[in-house]
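Below is one structure, written out as structure tokens; the observations come after it.
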Amino acid sequence: MPGDDPAVIGSGPTVADPTTFADARRVLTRHGLTPPSAVAARLHRAGDETPKPGDERLARATYRLIARPRDALAAAAEAARAAGFSPVILGDAIEGEARQVAVQHAALARQAPPGTVLLSGGETTVTVRGTGRGGRNTEYLLALALALDGAPGIYALAADTDGTDGTEDNAGAFVSPDTILRAKGKGLEPGALLADNDAWRGFAALGDLLVTGPTFTNVNDFRAIVVTQRS
């Protein structure tokens, strides 16, 4: 998770959780929300609270962070420099709607000088309104391709470092300057795919999915945009 909080990484099963059901109830009250009766009952069941700081059951539990999002980005930046590119790390805890982040990154890529690699990590979100297939990385990439609109010399990769983007079999996908053109050549309408949260189908049809299988680690998402010439 962005921020490297051990209490939320993998749901933090061996780390004390300082949040409480009362906190959750206050959030519901603040926003004027009435939860389903089962949820409301659970939030009043004190015995179901997670272990809190000082809980003796965790007295001998320890944790150690062996990899962080910033480590992945630093390694990618080093590899980019070795290949003759100039890396720019945009941040390791970027959040927000995937398609909106993509539009922002497309604008940065259009302005970046040739030889730049824009690197970023974090976890975006997707507001699901359609019935398609995909995850936050494929949604980000499809929105990025649409925002770039075939800008020459700009290529991108986005993937979940655990090897699974959403619920599909891919870690992420790739974008190139001809992504939108090739999609239309196959009878696909990229804008409609995005509206239906169906980015996976588009990249699958293009053969541009990134499939790694389980990586057995997770340091959030990884995104790289390579600028080889000005748009």
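The values are calculated or read from the model by the stated rules, or taken from the named source; none is laboratory data. Computed from a predicted model, the values in this text were never measured in an experiment. Counting neighbours? That spans all protein chains shown, and the Cβs are built from the backbone with ideal geometry, glycine included.
Residue-by-condition table, conditions (1) surrounded by 14 or more Cβ atoms within 10 Å (Cβ to Cβ); (2) part of a helix (DSSP H, G or I):
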{"site": "Gly150", "(1), (2)": "yes, no"}
{"site": "Thr164", "(1), (2)": "yes, no"}
{"site": "Pro177", "(1), (2)": "yes, no"}
{"site": "Lys184", "(1), (2)": "no, yes"}
{"site": "Trp200", "(1), (2)": "yes, yes"}
{"site": "Thr215", "(1), (2)": "yes, no"}
{"site": "Ala224", "(1), (2)": "yes, no"}
{"site": "Arg230", "(1), (2)": "no, no"}
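For (1) closer than 23 Å to Thr138 by Cα; (2) loosely packed, with under 12 Cβ neighbours inside 10 Å; (3) assigned by TED's automatic domain parsing to the domain that holds Leu157, each residue gets a yes or a no:
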site	(1), (2), (3)
Ala16	no, no, no
Gly32	no, yes, no
Arg42	no, no, no
Arg45	no, yes, no
Ile89	yes, no, yes
Glu95	yes, no, yes
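Against the list (1) touching a Gly at 6+ places or on another chain (Cβ under 9 Å); (2) modelled with pLDDT of 95 or more; (3) exposed (fewer than 15 other Cβ atoms within 10 Å of the Cβ); (4) of a type outside the set (A, V, I, L, M), the condition Glu139 fails is (3). You will find that of Ala61, Ala24, the residue that is surrounded by 11 or more Cβ atoms within 10 Å (Cβ to Cβ), of a type in the set (A, V, I, L, M, F, W, C), without any contact (Cβ under 8 Å) to a residue 60 or more places away in the chain and under 25 Å from Thr125 (Cα atoms) is Ala24 and no other.
Within region 20-37, being β-branched (Val, Ile, Thr), within 28 Å of the chain's Cα centre (by Cα) and in a helix (DSSP H, G or I) holds for one residue alone: Val27. Taking each residue of region 167-196 that is under 26 Å from Gly213 (Cβ atoms) and looking for partners that are surrounded by fewer than 18 Cβ atoms within 10 Å (Cβ to Cβ) and of a type in the set (Phe, Trp, Tyr) with beta-carbon atoms closer than 6 Å, six or more apart or interchain, yields Ser176/Tyr155.
So which of Ala75, Ala40, Ala107 ends up being without any contact (Cβ under 8 Å) to a residue 24 or more places away in the chain, within 26 Å of the chain's Cα centre (by Cα) and not in a loop (DSSP other than H, G, I, E, B)?
Selected residue: Ala75, the only one of Ala75, Ala40, Ala107 that is without any contact (Cβ under 8 Å) to a residue 24 or more places away in the chain, within 26 Å of the chain's Cα centre (by Cα) and not in a loop (DSSP other than H, G, I, E, B).
What number of residues in region 47-87 are modelled with pLDDT under 85 and more than 24 Å from Asn220 (Cα to Cα)? Going through region 47-87 one residue at a time, the tally reaches 0.
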